[in-house]
Amino acid sequence: MGLLSGLIWVPMLTMIGVVLVSDARWHLRRYVALGGAIVQCLLSAVITMTYWNQVIDAPAVAEGVRFSQMILTERYDWFSSLGIQYLVGVDGIAVLMIDLTSIIILTGVLASWEVKERSREFFALLLILVSGVFGVFISVDLFLFIVFYEVAVLPMYLLIGIWGTGNKEYSAMKLTLMLMIGSAFLIVGFLALYQAGGANTFDLNALAQVDYDKSFQAWVFPVLFVGFGVLGAMFPFHTWSPDGHASAPTAVSMLHAGVLMKLGGYGILRVAIYLLPEGAQQWAMFFLVLATVNVVYGAYGAICQR
């Protein structure tokens, strides 16, 4: 198991440790979760230092590709007949997002220190969510990407619905349904890329070598953008976000704003724009207008609060 696989397995093993703590010693669960979060931060620091030494400080790396240089790649066949593999790696953007996630889960565990009600389930779901988030940031295979994407999203329903406040059941259901709709768009887009690629692979870098025609890019790019945009709370698909924030417990709200919503922007950069640059050019003005509405509308909404 390499360093990147450790990002997935450390929270999963920590989750198992949390589950094994007896109810009579429930207070130890938070220390187990904290220990796992600290290990996660140390592992992220090692990955960041490795990237810095191999890429940033390496004179042989060209300046134009320095930040996009992929390192620590791990590849294992999964379903060879379908071209599905366990393929992970990190570049400059992924390293930054990994560091951000590690810091937020550490502070999120500390913010959840006083959670007593069903603490076993709370910390277990929180750690599963984080494992999915790390999986998304390191995935280079689109099938693996969507699997971890769902792992990162689905625990939010229970975390808000059980430990939230206010109209928590409504907020949790609305969030889940909206994000599942976004996931449906992504699955359609990923399958279209796989089918049109003709290379029998979900490898992101292999698909990037395919010359997709303009008509194909013109309809697949907005499908992917909307799919990722729903998670990024893009106008007009943003209404789940304020409800989710208002009802979520503190740690979940931190992960929601600090990491989960960033998955949307990350996916647009990593998949949509990277694989479909001509489609991005065709739709640039339309989505720039939507992004501007997002900024202005969100700011106006904040100003109007009492």
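The values are calculated or read from the model by the stated rules, or taken from the named source; none is laboratory data. Note that the structure is predicted; figures quoted are calculated from it, not measured. A quick note on method: Cβ atoms are made from the backbone with ideal geometry, for glycine too, and the neighbour counts reach across all protein chains shown. Each accessible area value is taken on the protein alone, full model and side chains, heavy atoms only, with ligands, DNA and RNA left out. Shrake-Rupley method; radii C 1.70, N 1.55, O 1.52, S 1.80 Å.
Quick notes on this one:
- Of all residues in segment 145-179, those satisfying the criterion of being part of a helix (DSSP H, G or I) and surrounded by fewer than 15 Cβ atoms within 10 Å (Cβ to Cβ) are Glu169, Tyr170, Leu177.
- Contacts under 8 angstrom Cβ, first residue in segment 11-36 being at negative phi, partner of a type outside the set (Gly, Ala, Ser) and open to solvent by 60 Å² or more (accessible area, probe 1.4 Å), 6 or more apart: Thr14/Val39; Trp26/Lys116; Leu34/Leu110; Gly36/Leu13
- Every residue from segment 198-210 that is in a helix (DSSP H, G or I) and buried (at least 20 other Cβ atoms within 10 Å of the Cβ): Leu204, Leu207
- Test: residue in segment 219-229 that is modelled with pLDDT of 85 or more, crowded, with 17+ Cβ neighbours inside 10 Å, more than 20 Å from the chain's Cα centre (by Cα) and farther than 23 Å from Leu175 by Cβ: yes
- Taking (1) at pLDDT 80 or above; (2) open to solvent by 20 Å² or more (accessible area, probe 1.4 Å) in turn, Thr239 satisfies each apart from (1).
- Being over 21 Å from Glu117 (Cβ atoms) and charged (D, E, K, R) holds for only one residue in Lys168, Lys174, and it is Lys174.
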